[in-house]
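The structure appears below as structure tokens.
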Amino acid sequence: MTSSLLFDFTVDKAAKTVYVNREFDADLSLVWDAFTKQEILDQWWAPHPFVSKTKFMDFKVGGRRFYAMVSPEGQERWAIQRYTSISPKTNFKFFNAFADKDENPELPGSEWDFNFSEQTGADGYQLTKVSVTIYNESLERMERVMDGFREGMAMMMNNLENLLSTSKK
Amino acid sequence: MEVRRDVFQAIADPTRRAILLLIAAHSMTPNAIAEEFNTSRQAVSKHIQILTECELVKQEKKGREIYYHINATKMKEIDKWIEQFKRIFETQFNQLDKVLSTIKKQKK
């Protein structure tokens with residue numbers, strides 16, 4: 001396994017856009033599945049100690065994923081992702097909005113754009129690069145949403161190092 | 001009804017960013033700030049008002065004059081928020097690394 005995988009994160013406050021680039025040590029079709037299949041998504045989408053729980057997911061243009069981030073106390077924070085564009089194994093986009101448990105969205109939301117490409121790592125292994133662009137109508141709204149994660153964050157920080165060391169085999 | 005200004009909207013404007021840079025070094029009166037810009041005094045004053053509402057800028061009275069200075073705490077809050085957002089991604093993606101490696105092992 002490669003010693004370091006690319007991870008960069010930038011925020012353009014003026015454009016209200018967040019850019020994230022990350023490489024994964026797996027081939028493109030597997031990484032694509034990990035982002036677009038409910039059973040794999042639920043294994044990693046929520047930052048620990050939160051758990052992702054998808055109620056339904058219809059991965060097609062116009063289809064939706066309705067899911068919750070569940071806190072260790074069992075508190076559910078629902079969100080809806082509506083797929084606006086899909087080019088298999090290349091790109092997909094969704095509009096994300098937080099919601100109540102009855103699927104009523106709380107606007108404004110954010111537009112997410114995922115790009116997938118094959119990369120060759122330094123040691124010749126096949127890597128997959130995922131580039132995410134998130135446009136937020138209101139960054140401050142996201143800031144408030146983040147408050148909900150604050151509690152879990154303290155635990156997360158403690159686990160982060162542990163996580164980093166075990167993810168490397 | 002209380003309308004809360006969006007901090008990020010406040011710093012999205014180039015004039016407001018210039019004001020923040022200007023007063024970062026030392027506090028200034030509204031007149032001194034306005035002199036640095038080609039726009040009208042009213043326009044500059046409106047920008048200052050928005051920055052004040054977002055708590056990015058604080059007022060301080062010295063004698064008869066009002067001075068504006070940067071609210072460092074609020075600016076730090078923004079950075080802190082960005083840092084947290086970054087950590088969430090980091091955590092998610094480290095989790096994904098594990099999931100991918102598990103799936104790869106199962107396939108073999």
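Values in this text are rule-based calculations from the coordinates and carry no lab data. On a predicted model such as this, the values are computed, not experimentally measured, just so you know. We place every Cβ from the backbone using ideal geometry, glycine too, and count neighbours over all the protein chains shown.
Can you tell which of B:HIS69, B:HIS26, B:HIS47 shows the greatest fluctuation in a Gaussian network model of chain B with Cα springs below 10 Å?
Sorting by GNM fluctuation, first place goes to B:HIS26.
What is the distance, in nm, between label points placed 7 Å from the Cα along the Cα-to-Cβ direction at A:GLU111 and at B:GLN42?
3.5 nm
Measure of size requested: the Rg and Dmax of chain B, with Cα atoms as the atom set and Å as the unit; please supply both.
21.4, 78
Under a Cβ-only charge scheme (Lys and Arg +1, Asp and Glu -1), can you give me the dipole magnitude of segment A:62-141 about the Cα centre, in debye to the nearest 20?
300 debye
How do B:ARG16, B:ARG87 line up, fewest other C-beta atoms within 10 Å first?
Sorted ascending by nearby Cβ count, the order is B:ARG87, B:ARG16.
Placing +1 at every Lys and Arg Cβ and -1 at every Asp and Glu Cβ, with all other atoms neutral, what dipole size does segment A:1-142 have around its Cα centre, in debye to the nearest 20?
300 debye
Which whole number of Å³ per residue matches the convex hull of the alpha-carbon atoms in segment A:1-127?
About 130 Å³ per residue, rounded to a whole number.
Kindly put B:LEU22, A:LEU28 in sequence by how many other C-beta atoms sit within 10 Å of each C-beta, fewest to most.
Taking fewest neighbouring Cβ atoms as first place, the list is B:LEU22, A:LEU28.
So for chain B, taking the charge dipole from beta-carbon charges (+1 Lys/Arg, -1 Asp/Glu), which of B:GLN84, B:ILE48, B:ALA10 sits furthest toward the positive end?
B:GLN84
Which of A:LYS101/B:LYS98; B:LYS46/B:LYS74; A:LYS13/A:LYS37 have a Cα-Cα distance over 26 Å?
A:LYS101/B:LYS98; A:LYS13/A:LYS37
With +1 on each Lys and Arg Cβ and -1 on each Asp and Glu Cβ, and nothing else charged, work out how big the dipole of chain B is about its Cα centre, in Debye to the nearest 20.
Charge dipole, chain B, about its Cα centre: 720 debye, nearest 20.
So what's the back-of-envelope 222 nm ellipticity for chain B, counting only DSSP H runs of four-plus at -39500 (n - 2.57) apiece and dividing by all residues, rounded to 500?
Mean residue ellipticity, 222 nm, calculated: -22000 deg cm²/dmol.
Of all alpha-carbon pairs in segment A:46-106, indicate the percentage at a distance above 14 angstrom.
57 percent
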